[in-house]
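Chemist: Input: one structure, supplied below.
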Amino acid sequence: MTLTRRSVLVTGLASCALPGLTLAAPTPAQVTPDVNDPAFWTRPRVIRVKNLNTGQGGEFEYWKDGQYVMDRYFALSALALDHRAGVAVQIDPRVFDLMYATQTWFEGATKKQTHHELTSAYRTPATNKAVGGAPSSTHLQGRAMDGRMDGVSLSVYAAMLLAFRAGGVGLYERHVHWDVGRSTTFWRTSGAET
């Protein structure tokens, strides 16, 4: 995957109150953070994340002064490895941008610190098959993650991610899937894909 330092998520996050979120598609009347705060995407981007499969995690400032902080970006990508195969790839930075935006949104609305908990990110073809992933899964290209955000219900987290209209969002029994680089899609399943 070719990465550019100028890759940014250009969609916004609706700034409605968290308790009022629904899983309906966002409407044009919703106001995104970049409308109210033009510096939203230019400020340093920091996310706190833990990989629940490896126990590794931390706080990562992966964007600063208008460019990616490459050692932090690579550390995040390494954290998102296929833990079954021990293989990591460069993750599409827009996936991390969604994490930054939802975390910033939650913390701004609640004044409480939170972190993301990853259950799946990059997958090798063998791992993808073993967990029942779609043959053309965006996990295979490093453009998807599964997980949750501490302190946020899965349905609210899915609605927050969906509000960005950056790609697919799936609500599963124990996690939320999000991906980038395709048409906005939402699905809900009672399955327990891992």
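The values are calculated or read from the model by the stated rules, or taken from the named source; none is laboratory data. As the structure is a computational prediction, the values presented were derived from the model and not from experiment. Neighbour counts run over all protein chains shown; Cβ positions are idealised from the backbone, glycine included. The accessibility values were calculated without ligands, DNA or RNA, using every heavy atom of the protein model including side chains. Shrake-Rupley method; radii C 1.70, N 1.55, O 1.52, S 1.80 Å.
Chemist: Does Gly133 satisfy being over 20 Å from His83 (Cβ atoms), open to solvent by 10 Å² or more (accessible area, probe 1.4 Å), touching a helix residue (DSSP H, G or I) at 6+ places or on another chain (Cβ under 8 Å) and not aliphatic (A, V, I, L, M)? Outline the logic, then answer.
Modeler: Values: over 20 Å from His83 (Cβ atoms): no; open to solvent by 10 Å² or more (accessible area, probe 1.4 Å): yes; touching a helix residue (DSSP H, G or I) at 6+ places or on another chain (Cβ under 8 Å): yes; not aliphatic (A, V, I, L, M): yes.
Here the answer is no, as Gly133 does not meet what is asked.
Chemist: Identify the residue in the range 77-90 that is closer than 18 Å to His177 by Cβ and in contact with a strand residue (DSSP E or B) (Cβ under 8 Å, 6 or more places away or on another chain) and, among all such residues, is most open to solvent (accessible area, probe 1.4 Å).
Modeler: Among those residues, the one meeting the criterion is His83.
Chemist: Moving on to the next point. Report yes if some residue within the range 137-149 is of a type in the set (Asp, Glu), under 22 Å from Leu79 (Cα atoms) and surrounded by 19 or more Cβ atoms within 10 Å (Cβ to Cβ); otherwise report no.
Modeler: Yes, the range 137-149 contains a residue that is of a type in the set (Asp, Glu), under 22 Å from Leu79 (Cα atoms) and surrounded by 19 or more Cβ atoms within 10 Å (Cβ to Cβ).
Chemist: Within the range 170-192, how many residues are assigned to a loop (DSSP other than H, G, I, E, B) and either touching a Ser or Thr at 6+ places or on another chain (Cβ under 8 Å) or surrounded by 13 or more Cβ atoms within 10 Å (Cβ to Cβ) (or both)?
Modeler: Matching residues across the range 170-192 total 8.
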